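To keep things clear, I will list the structure first and then write my remarks on it.
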Amino acid sequence: MSDISANDKRIAKNTLYLYMRMLITLVIGLFTARVTINALGIHDYGLMNVVGGVMGFLAYFSSLLSQGTSRFLTVGLGKGDMKQLRNIFSACGTIHIVLALVTLILGETIGLWFVNYKLVIDPDRMFAANYIYQLTLFSSFLGITQTPYIASITSHEKMSTFAFMSILDVVFKLTIVVMLLYIDTDKLIMYSTFYFCTNLFMFFLYRIYCLRKFEECNMHLRWDPKLYKEIWNYVGWNSIGTFAFMANNQGITILLNMFFSTVVNAARGIATTVSSQVSGFVMNFQVAAGPQIYKLYAKGEYQQMNRLVCNTAKYSSYLLILIGLPVFIKTEILIRLWLGNIPEYVIPFIRITLIELFFKAIDFPIGNGIHAFGKMKLPNITSSIAYISVLPLTYIFLCLGASPVIAYIIACVSYPLAMACDLWILNKFSGFDIKFYLLHVPLKSILIILLSAILPVFVSNSFEDGWLNLIATSAVCAVVSATFVFYIGLDAEMREKVLRKVKDKLAFVFNKKNETHTTG
């Protein structure tokens, strides 16, 4: 039990670092997005998103080993074999270099052809499109080769360093956006140039830190057929699922551009920005819990691993309810206050994306549990079918004249299907209790959402939209949802722990005040 308590404290500490990072990046990120849209204009902002979508589709290789590298390094740390850990890092680093070169070749051939001949881009903006595409391509090359170093930081659970690096990155990007306001030239080209320079600087910063702090990060060429086979087997099957996921995500962006215009892509970009900020509240907790899931697997403690998977999914859903519900209810006024203007389709895009995010949040820990075992054939076949089926269905509906909202609805349906497959697979690998999970995570969370929404919706519809309505609705939403999470979401033992923690904190504050008063 002491080990479990220590792990929980480590997760809590790392989560705190990540939340500090998220709060700072949230404020800066939302401000940066607003200034970027205003500085570039809605058409150039849409152009940037659709070109980035093509590159994201080609650069899906960068995520093939992102989770895999973290998995292999964390399992190596859990086993305490430094020699093997160095071999793992070197093998993963070599594979990343190969994948980066493949991405570069594909980007300069198929990707370049697609940008110039298939995307709907104004002729007078073709030079800008090609310019930002090239910088995005080389940024992707740098990002792929950097993945093992970032994975080392998370595997060692150095979340304070990870938080600092992320904050530094967004501060640089905020500086870039502010500079745009005072530059009298092609703002999209200048933005892309400065953005690439920031990525290049962060590339060297991560590299220098890891080389100095982690012994295994000194790459060396050593041929270990068994290790390379194990990693390539993991990557080979994982690439199928990752490709399907990226086809789902970036493919929708490209289809929307082909059937509509860059204005719709701008709406998608805004929806993605909002959802990424909301998901940050959840992902911080999950990133902190991930290494512990892998280490429990490495020790053979499957029961504790399953417990952590279930708890991570459960508390992730509660965090999403606290943050996402007021955003869902007050989407229109939030966008109006944030951007001033509301592009067409932004409101339904954001709301459907939040529903997607709910299923992603409760499925991601299950995926971590599956990835811990490293048996990727079955999970990737099943998830690929769920994700890849989205594109042909979306294409058919759009050909029939459907609204862009249909693309979002179809994509949203794929996530609960993928989650059902993941639950079955984790049960097959570790005996994960599916019935317990369904009752205590998705079903209980949906009940809490429905109960928590009643009073805030009533308050929201009671008087005119504005700051007062937003503040009142958000406050009521926070109080009501927190109450239902506490009494319905938490078990008796956890409620007792929370109450004890609150009492201890209040007693500490009260004693401090008494000491100050006595001293005075």
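For this structure, a couple of remarks:
- Count of the range 199-231 residues, restricted to those that are open to solvent by 70 Å² or more (accessible area, probe 1.4 Å) and either at pLDDT below 75 or not in a helix (DSSP H, G or I) (or both), is 5.
- Some residue of the range 319-332 being charged (D, E, K, R) and under 30 Å from Lys295 (Cα atoms): no
The rows are residues; the columns are (1) touching a residue at least 60 places away in the same chain (Cβ under 8 Å); (2) out of contact with any helix residue (DSSP H, G or I) (no Cβ under 8 Å at 6 or more places or on another chain); (3) part of a helix (DSSP H, G or I).
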{"site": "Val98", "(1), (2), (3)": "no, yes, yes"}
{"site": "Gly107", "(1), (2), (3)": "no, no, yes"}
{"site": "Ile121", "(1), (2), (3)": "yes, no, no"}
{"site": "Met126", "(1), (2), (3)": "no, no, yes"}
{"site": "Ile167", "(1), (2), (3)": "yes, no, yes"}
{"site": "Val171", "(1), (2), (3)": "yes, no, yes"}
{"site": "Ile176", "(1), (2), (3)": "no, no, yes"}
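- From the options Ser384, Ser389, Ser414, residue that is in contact (Cβ under 8 Å) with a residue 12 or more places away in the chain, among the polar types (S, T, N, Q), farther than 16 Å from Phe429 by Cα and open to solvent by 20 Å² or more (accessible area, probe 1.4 Å): Ser389
- Subset of the range 88-115 [open to solvent by 60 Å² or more (accessible area, probe 1.4 Å) and either within 28 Å of Ala151 (Cα to Cα) or of a type in the set (S, T, N, Q) (or both)]: Ile97, Val98, Leu101, Ile105, Glu108, Thr109
- Scope the range 148-181; condition over 19 Å from Ala289 (Cα atoms), open to solvent by less than 50 Å² (accessible area, probe 1.4 Å) and β-branched (Val, Ile, Thr); matching residues: Ile167, Val170, Ile176, Val177
- Each residue in the range 465-496 was checked for being open to solvent by 50 Å² or more (accessible area, probe 1.4 Å), farther than 23 Å from Pro442 by Cα and at pLDDT below 80, and 1 of them qualify.
- Selection from the range 180-194 of residues that are more than 15 Å from Ala129 (Cα to Cα) and modelled with pLDDT under 80: Leu180, Leu181, Tyr182, Ile183, Asp184, Thr185
- Residue within the range 339-352 that is open to solvent by 50 Å² or more (accessible area, probe 1.4 Å), in contact (Cβ under 8 Å) with a residue 24 or more places away in the chain and part of a helix (DSSP H, G or I) present: no
- Residue in the range 323-332 that is farthest from Lys444 (Cα to Cα), counting only those that are modelled with pLDDT of 85 or more and part of a helix (DSSP H, G or I): Glu332
- Among the residues of the range 280-322, just one is under 21 Å from the mean Cα position of the chain (by Cα), at pLDDT 85 or above, open to solvent by 20 Å² or more (accessible area, probe 1.4 Å) and of a type in the set (Phe, Trp, Tyr), namely Tyr315.
- Matching residues, the range 232-265, being within 18 Å of Thr94 (Cα to Cα), open to solvent by 30 Å² or more (accessible area, probe 1.4 Å) and among the polar types (S, T, N, Q): Asn233
The values are calculated or read from the model by the stated rules, or taken from the named source; none is laboratory data. Here the structure is a predicted model, which means the values were calculated and not measured. Cβ sites come from the backbone with ideal geometry, for glycine too, and all protein chains shown count toward neighbours. Quick note on the areas: whole protein, heavy atoms, side chains included, nothing else; ligands and nucleic acids left out. Shrake-Rupley method; radii C 1.70, N 1.55, O 1.52, S 1.80 Å.
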